[in-house]
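Below: the structure, in structure tokens.
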């Protein structure tokens, strides 16, 4: 059986051969603080996130594209692989998409996590290349096609030509910065404390990369920073826009600085064909228009942008020629200790 994995900072997605995407859950683990043992994974753990009592902790197993807690990452992946594969005699072959800027040691850590979790053979691929394939960028064209994947903690970009990476990079800033800006604004300017779920809901429902023609509003719940008592409040798109705008502007400037180093020919190709946007950050209202205006290149959102990477991993998984043409291959568990990148 072949399995594709996108183990990101905000979610774990699994693609199974013959089934499609079978797991899409938060990449967090709830643990018993006294014993250190996991008590819930993914969606179940997410239900207690921000509502934890002292004896329950929350672990984010992936941060900035790398494993932040080896043991919990392995336990979480083992749990979901068992749910997908069941008690099989033969261990699955697994493809996992990784950030293109992580070190060899960090790649080795992912290999160890995946094999200990139950893989028979493992293949590591560039996540941004998988995102490009998931955006349906043509794999047999000479001219460069560009993709930008705005994730939770990081933003990746790449130009694809003839089915391979010809330019790529990573920016250590993602949509989480917007959530933090919203939380900080409410705390500093309105003495309201909110949790990560509330900040994410505000970001997803009323934030915009440009001022909205029609103002949107939400009624939310939080805690007073003055007396620590529950409080209900209204927040509008107009109120949060300056803080969202500041974070988006920083991200856009970082992207401009990065792509300015790309060769004129490749950048001209990108301008001709446009830029495909994916990742959770691309769901921000009007982000494509904002990037188009500031980069001077047409940007377009793809369908189901949060699934672009795992869709691409699925394509690579089912097309061995495409996989091998990009220099990727599976290795056995026993080969990992001797693997050199």
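If you check 164, 120, 134, 169 for being closer than 30 Å to residue 93 by Cβ, touching a helix residue (DSSP H, G or I) at 6+ places or on another chain (Cβ under 8 Å), surrounded by fewer than 21 Cβ atoms within 10 Å (Cβ to Cβ) and outside the structural domain of residue 242 (by TED's automatic domain parsing), only one passes: 120. In the stretch 37-86, which residues are in a helix (DSSP H, G or I) and under 14 Å from residue 113 (Cβ atoms)? Of everything in the stretch 37-86, those that are in a helix (DSSP H, G or I) and under 14 Å from residue 113 (Cβ atoms) turn out to be 70, 71, 72, 73, 74, 75, 76, 77, 78, 79, 80, 81.
Checked against the criterion of being assigned by TED's automatic domain parsing to the domain that holds residue 162, buried (at least 19 other Cβ atoms within 10 Å of the Cβ) and not in a helix (DSSP H, G or I), the candidates 276, 282 yield just one match: 276.
Check whether at least one residue in the stretch 287-295 is outside the structural domain of residue 7 (by TED's automatic domain parsing), at pLDDT 90 or above and at positive phi, and report yes or no. No. In summary, residue 232 fulfils each of the numbered conditions (1) out of contact with any helix residue (DSSP H, G or I) (no Cβ under 8 Å at 6 or more places or on another chain); (2) in a strand (DSSP E or B); (3) surrounded by 14 or more Cβ atoms within 10 Å (Cβ to Cβ) with the single exception of condition (3).
Out of 42, 86, 97, 57, one residue alone is within 28 Å of residue 201 (Cβ to Cβ) and in the same structural domain as residue 118 (by TED's automatic domain parsing). It is 97.
For the stretch 14-33, give me each residue that is surrounded by 24 or more Cβ atoms within 10 Å (Cβ to Cβ) and in a strand (DSSP E or B).
Listed by number, the residues that qualify are 14, 15, 28, 29.
The values are calculated or read from the model by the stated rules, or taken from the named source; none is laboratory data. All of these numbers come straight from a predicted model, not from anything done at the bench. Positions of Cβ are generated from backbone atoms using ideal geometry, with glycine treated the same way; all protein chains shown enter the neighbour counts.
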